[in-house]
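For reference, the structure is listed below as structure tokens.
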Amino acid sequence: MRNSATAFAPATVGNVGIGFDILGHTVEAIGDTVRVERSVRRGVRILAITGSEASLPLQTERNTAGMALKSLVESQNLDFGIDMTIEKGIPLGSGLGGSAASAVAAVVAGNALLEQPLTKLELLKFAMKGEAVASGSVHVDNIAPSLFGGLVLTVGIDHPRTKQIPVPPGLRCVLVHPHMFLSTREARRILSKTVELSDLVWQCANLAGFISACYTNDLDMIRDAFEDVVVEPQRQALIPGFKDVKRAAMSNGALGCSISGAGPTVFAWCEEAAAPTIVAAMAAQFALHKLGCDQWVSSIEPKGARVID
Ligand code: HSE
């Protein structure tokens, strides 16, 4: 039986444009790491938070990782407590699934201390409890890919079912994170609660087309289907220069470009050879809007959260 464990959970692109709240994929380049240790003191304690966002709350119930692990621990009849330390590699409020990755890393690390570890599907619901602390609502488009890896579709909330969708080989995701904070709560609050029937039809066709194109390596179909007609038009005003950044990506050969999760990170899918040009063109547009950025080029691998130590 282990006394300690360390788990890594990758960042994620929520929604992937066309799959609001139900589709997401991993960004292997960055992630959060959680270390857990058995303690004689019952319950879950956060000893420290380090890395890019060390100012997050240490109180277990107010912290996404704390809440996720607490709900896992409370479902088990443990005769020990767990102390945790969180290392944030994902910037806060970036739209890269930072709260989800911390929650996922916490339950994966905690699970390694159990006498009878749970399956990833069983861990999903505990990680979801953590994510709810950060965004005020339960959605799985960051949690599920961070946990399972790759491009993941989730159906259902109370009894979620997940499916890893194959990504055509040689595709890359480029990401540009402008240095500004965008609250997920706020980016959700501004969304209209109703959708025009014609937009619903268009969005359903795009999501179905995108997924079937992923299964059949049909890059032209991915390009045609990669258009969010519901959420992106409402959120783009929250990101200075978004239209210019998207235009830069598309005119340099991207298959599609949209807002990562609730933003402000903007992502694009493209073929590997085009990735350096596209990411540079996108960052240059943010610079014209006086926003410095971080940038990444990532493969989309079916490799989710895992114990690393
Ligand atoms: N699907 C969510 C949203 C992701 O777009 O609001 C943010 O966590």
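Quick notes
- Degrees separating the helix 98-111 axis from the principal Cα axis of the chain, which is the longest one: 40 degrees
- Counting 0.36 nm for each residue step from N77 to L191 and taking away their Cα separation leaves a gain of 36.9 nm.
- Counting only residues at least eight positions apart within a chain, or on another chain, the lysines with an alpha carbon under 18 Å from that of K163 are K120, K125, K303.
- Charge context of Q285, other residues only, Cβ under 12 angstrom, K/R +1, D/E -1: +3
- Cross-link reach is defined here as a Cα-Cα straight distance under 20 Å, omitting same-chain residues fewer than 8 places apart; for K290 the aspartates and glutamates meeting it are D244.
- Between helix 64-74 and the chain: long-axis angle, C-alpha atoms, 0 to 90°, nearest 10: 40 degrees
- The chain - mean residue ellipticity at 222 nm from DSSP helices (-39,500 (n - 2.57) per run, n ≥ 4, rounded to 500): -10500 deg cm²/dmol
- Ordered from highest to lowest accessible area with the whole protein assembly present and a 1.4 Å probe, V195, V279 read as V195, V279.
- Cross-link partners of K246 among aspartates and glutamates (Cα-Cα below 12 Å; sequence separation of 8 or more within a chain): E227, E232
- Centroid-to-centroid separation of the range 162-209 and the range 226-282 [C-alpha atoms, Å]: 11 Å
The values are calculated or read from the model by the stated rules, or taken from the named source; none is laboratory data. The structure presented is a predicted model; accordingly, all values stated were derived computationally and were not measured. Here Cβ is always computed from backbone atoms with ideal geometry, including for glycine, and neighbour counts include all displayed protein chains. Heavy atoms of the whole protein, side chains included, go into the accessibility calculation; ligands, DNA and RNA do not. Shrake-Rupley method; radii C 1.70, N 1.55, O 1.52, S 1.80 Å.
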